[in-house]
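Before any comments, here is the structure.
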Amino acid sequence: LPTRSQVDPGSLPAYACQRHTPLNHHNLCFTEALETLAEAAGFEGSQGRLISFRRAASVLRALPGPITNVSQLRGLPCFGDHSSRIVQELLEHGISSEVERVKQSERYQTMKLFTQIFGVGVKTADKWYREGLRTLEDLQGQTRKLNRQQEAGIRHFEDLSSSVWRHEADAIQRVVEEAVWQVLPGASVTLTGGFRRGKLQGHDVDFLITHPVEGQEAGLIPKVMGLLESQGLVLYQHTQSNHYQDFKDLEHKVSQSTAIDAYERCFSILWLPKSPTSFHPEAGEGPKEPSRDGKAVRVDLVVAPISQFAFALLGWTGSQHFERELRRFSRAEKQMLLNSHGLYHPEKKESLPAASEEDIFTHLGLEYIAPEQRNA
Ligand code: TTP
Ligand code: MN
Ligand code: MN
Ligand code: MN
C-alpha cells in the first residue's frame, strides 16, 4: 500500500494510467457505493454516468489514506457534485439513501442477476426484464430464448457465480500448459486479467498464449481445445479464429481502436476436478453435470503473435477502467491510438513497436505502472 507521504491528494493526476492503484485501499465503503451507482447507470444504458461514477471511485482507490471529511474531496480530479454528495451522505449517516434505494430495487437486482449469466449483456437482460422475466426459473421455462452460451451459463450458474481462487487458477494453468506444450512445444502461457493484478479471487481465469517464433502460434486453440475435450474437461467452448490478415490490416485494426480485438480466442467453461487423482475421464460419461468432485470455471484463452505480445499483455491485464484510461490518455494527450494490437500515430502514419509493457509506457511518456498497481 502506498504510504501517506507518497501521494499528495492535491497533486493526484487526472488519468488512472498515471496513478498507482493498489488492490487494497482505504476507501472501500465509498468505492462500493459509487461502483453500485456506476453499475446501475450501465443497466440503464447511461454510459456517461457509468464512467463518471467509475472515475470518481477509481480516484478514491488511489488515495494514500481514508477520506474522513468532505473537504478532502476538493481538488480531487474527476469528482463531480453527484459523487461528492454520495461521499458526504456516507460520512454523515454511514449510509446513502440513493444507493440503498438502487440496491433494493427490483430493476437493479434483476439486471444484476441476468447480466451475471455467462453470455448475457445489458441489452439482453433489459429485453428479458421488459418481457416480465425476473428469475433464473423464469428463464429456464423459456429455453427457446437462450442461445448455447447462455444455456451453458445457466446450467453452470452456481459454480460460475462462486469465486475462482488463485490456487484454482494455478491448477487450471497447469492443465492448459500441459495441453499447449503437447500441441506446440516452446509456447508460453501467461496468466493475465485480475490474477496478474494480484487479485486472490476472480470471476474467470484469463490466459495469453504466444510462441517465440512468429506465426507458429496460429491455429493453436482448436488443437488445444480438442485435447482438453478428449480429457473430458470442456463443458462449453466457443473459439474464434484470428481476423487480422497482414500488417496493413493490423494498422487498420489499431486505428479503429475498438474494444474487441482480432486475436484467435476461446471463451470456455472448463471442468476443474477437485483433485487430479480423483478424476477418471475414461470411467464414466464425463463430467456433464457439476458434482461435488470439482467445479466449472470460466476460462478465456487468447493467442497473440510474439510481435504483438506486449500490447496483448497490457490489454488483457486490465483493469477495464485502467485500459479505458490508457486509451483515452493516448488519444487526448499524445494523439496516438492504442489497443491490444499496437500503438499507432495517425498523423505520422506509423506503428510503434514494443517488446515489453515498459516500452509501451515509455512511448506514451508515462511512468511504468506494475500490474499490481493497475487496479483502477
Ligand atoms: P475480465 O476477465 O473480464 O476481468 P478481470 O480479469 O479484470 O476481472 P475478473 O476477476 O472479474 O475476471 O477481463 C480481463 C481483461 O481483458 C480486461 O481488463 C479487458 C480485457 N478484455 C479485452 O481486451 N477484450 C475482451 O473482449 C474482454 C472480455 C476483456
Ligand atoms: Mn496506505
Ligand atoms: Mn478475468
Ligand atoms: Mn476474462
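Computed from the coordinates by the stated procedures, all read-outs in this text should not be read as laboratory data. No experiment lies behind these values; they were computed from the predicted model shown. Reconstructed Cβ throughout: ideal geometry from the backbone, glycine too, with neighbour counts over all protein chains shown.
Structural remarks
- Cα gyration tensor category, rounded, prolate or oblate, for region 30-148 with a/c compared to 1.5: prolate
- Rel. contact order, % - alpha carbon contacts under 8 angstrom, at least six apart, the chain: 18 percent
- Approximating the spin labels as points 7 Å out from Cα along Cα→Cβ, the ARG107-to-GLN72 distance works out to 3.3 nm.
- Gained length - GLN231 relative to LYS348, 0.36 nm times residue gap less alpha-carbon distance: 37.1 nm
- In region 114-199, the GluC sites (Glu not before Pro) that fall in loop regions by DSSP, at most 12 other Cβ within 10 Å: GLU131
- Equivalent ellipsoid, the chain (semi-axes from 5 times Cα gyration tensor eigenvalues, Å): 34, 29, 20
- The residues CYS78, CYS29, CYS17, when put in order of fewest to most other Cβ atoms within 10 Å, stand as CYS29, CYS78, CYS17.
- Virtual spin-label span in nm between THR362 and ILE95, 7 Å along Cα→Cβ: 5.4 nm
- Once each of the trypsin sites (Lys or Arg not before Pro) sitting in a DSSP loop with at most 12 other beta-carbon atoms within 10 Å is removed, the chain keeps 75-287 as its longest stretch.
- Selected from VAL302, VAL99, VAL164 as most flexible by GNM, with the chain as the system and alpha-carbon contacts under 10 Å: VAL99
- The chain, helix-only ellipticity at 222 nm - DSSP H runs n ≥ 4, -39,500 (n - 2.57), divided by all residues, nearest 500: -13000 deg cm²/dmol
- Choice from THR317, THR36, THR192 showing the highest fluctuation, given a GNM over the chain with Cα pairs closer than 10 Å: THR36
- Segment GLU333-GLN216, extension gain: residue separation times 0.36 nm, minus the distance between their alpha carbons: 38.5 nm
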